[in-house]
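Contents: one structure, followed by commentary.
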Amino acid sequence: MSTIVFFIFAILAIAAAWGVVTSKNIVHSAFYLALSFAGVAVLYILMNADFLAAVQLLIYTGAVAVMVVFAVMLTLRGDVRESNPENRSWFVGALVAVSVFAMIALVVLTNADWRVLATPWTGGGSAEDMSLLLLSQFMIPFEAAAVLLTVALIGAVILAKGVKESK
Amino acid sequence: METLYNLFETLNNLFLIIAAFIRGLFADPQSVWANLTMDVIGFIIVVVIIVLAALILILLERKVAGWTSQRPGPNRLGPRGWFQTIADALKLIGKEDVTPAGADKLIFKIAPMMIFCIPMMTLAVIPFGKGLAPANLDLGIFYFVAMSSISTVAFLMAGWGSNNKYSLLGGMRAVAQMVSYEIPLLFSLLGVVMITQSFNLGVIVEAQATIPFIVLQPLAFVIFVIAGMAELNRAPFDLVEADQEVVAGPFTEYTGLRWGLFFLGEYGNMTALSALGATVFLGGWQGPAFLPGYVWFFMKVGVFVFFMMWARWTFPRIRIDHLMHLAWKVLLPLAILNILLTGLGIYIYGFVMGG
């Protein structure tokens, strides 16, 4: 049962990702991106990470994809239908993508902690387990990420407001 | 007295008895097929609830509008005009379905379907009575908020796909408003989650057996109602479809049943949000034992909905800079303050009780 669901949504996510890189209209690309995020969220549920799936929907589909569309619309010039001309140097792009994928795969496969478990993971992944880990073992990275986001927020406000020019 | 009590118990557990009966028809009551059948039945019930709610709420909205502006409202068709909505729905079905020539066809057509799908998904986690949640998720509240955040994408798709500058402006407004108000909405619910230590809506209702959370979290409730009305894009926060400014916003180019889907979606979302408010703050299906739990639940939802309609026809539309000011500089700090006070309260309570 879950294998069928996995293949449906994995194919959906990959097809949507294909749509992101190939569609001529950049707004379509952004909407395909949202679809791809939603497909990945279902894969998280199949891995018993419900909390991560809900966060994926809330942050990535609901906010990040929308912000991408926003940025695209605000910076758009000329005709929308030709806004995302297929890049001539797709070969280089594919090369970069494949090497990044190979690098990540290498790291995951060589690190024993990250391998696929022999028996399916049943416990953990709920909100309670996540928060316990975040506030104990991973306290410092969590706080560092929070500080980084605050800095980004303040920077965005300053950029939007404009700094007073010194006389 | 004994028979009366038995009758009441039967009424209270009516749907559970029916569910157990349907499960009993299978050879193995806990098999995959029995679960699948119950899920399909739950889905159908949610859809029926949404459609019925839309039919009733549209009439109620017009009656409330009449009541606030001291006129009778629709009163021609049927007794006291009760059949008006059915006539309106038939009229919408009969209208021509126009897709503008310059529209982005696929996006234009998917957007209303998405908007109508979202209340179906969110209402699935609401416990309509004792043990009557169609899907009893551990992440109940969080799932609800995550799902309703997708409607932003749908509004943007409608605004973009119409290829009309007013629609696009409306869609942009929808995004700015909904992304901003999502944050205080989520934060206002956190206080309750801190007290119950659970996202599960069933557990939250059980925790309110003695006292509803509106008493413990009055500030959070006020923030929830304001941010909820803004999330639904209803007046006084209806900048998305402000007709003097952007015609009808993202809905301008839609006709017939597609426009009807937006309308259904709006009332469905309103029902879902009221159900969430009634569950989290008003005690859900808990209530004095002379009525069954689901009756209490729907009465509380009705009170919530009526309050939203009353506010809609009482207050004028808010200006867009005031809107953003309210979200980021008033509601968000208040919500964070509420979280802080709740944390302090829990700590002091534990200290006093010797925990």
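What the table below lists for this structure:
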read-out	value
Unmet criterion (only one of (1) outside any loop (DSSP other than H, G, I, E, B); (2) in contact with a helix residue (DSSP H, G or I) (Cβ under 6 Å, 6 or more places away or on another chain); (3) not hydroxyl-bearing (S, T, Y)) for B:V330	(2)
Residue list for region B:125-148, restricted to those being within 14 Å of chain A (Cβ to nearest Cβ), outside any helix (DSSP H, G or I) and surrounded by fewer than 24 Cβ atoms within 10 Å (Cβ to Cβ)	B:A135, B:N136, B:L137, B:D138, B:L139
Only one of B:E61, B:E9 that is within 30 Å of B:K91 (Cβ to Cβ) and acidic (D, E)	B:E61
Helices (runs of 4 or more DSSP H) wholly inside region B:1-106 containing at least 2 residues that are among the aromatic types (F, W, Y)	B:2-12, B:14-24, B:32-68
Only one of B:A272, B:A209 that is touching a residue at least 24 places away in the same chain (Cβ under 8 Å) and either within 14 Å of another protein chain (Cβ to nearest Cβ) or in contact with a helix residue (DSSP H, G or I) (Cβ under 7 Å, 6 or more places away or on another chain) (or both)	B:A272
Per-region count, region B:5-64, residues of a type in the set (F, W, Y) and either surrounded by 13 or more Cβ atoms within 10 Å (Cβ to Cβ) or under 18 Å from B:A275 (Cβ atoms) (or both)	4
Breaking point among (1) open to solvent by 10 Å² or more (accessible area, probe 1.4 Å); (2) within 22 Å of B:F298 (Cα to Cα); (3) of a type in the set (A, V, I, L, M), for B:I195	(2)
Filter result for B:M172 (touching a residue at least 12 places away in the same chain (Cβ under 8 Å), within 13 Å of another protein chain (Cβ to nearest Cβ) and closer than 30 Å to A:F51 by Cβ)	no
Meets criteria (of a type outside the set (S, T, Y) and either within 17 Å of the chain's Cα centre (by Cα) or open to solvent by less than 20 Å² (accessible area, probe 1.4 Å) (or both)) for B:M157	yes
Members of region A:24-48 that are more than 11 Å from chain B (Cβ to nearest Cβ) and either free of Cβ contacts under 8 Å to residues at least 12 places away in the same chain or not in a helix (DSSP H, G or I) (or both)	A:K24, A:M47, A:N48
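The values are calculated or read from the model by the stated rules, or taken from the named source; none is laboratory data. Every value quoted in this text rests on a predicted model; they were computed, and no experiment measured them. As a convention, Cβ positions derive from the backbone with ideal geometry for all residues, glycine included, and neighbour counts pool all protein chains shown. When the accessible area is computed, the model is the full protein with side chains, heavy atoms only, and any ligands, DNA or RNA have been set aside. Shrake-Rupley method; radii C 1.70, N 1.55, O 1.52, S 1.80 Å.
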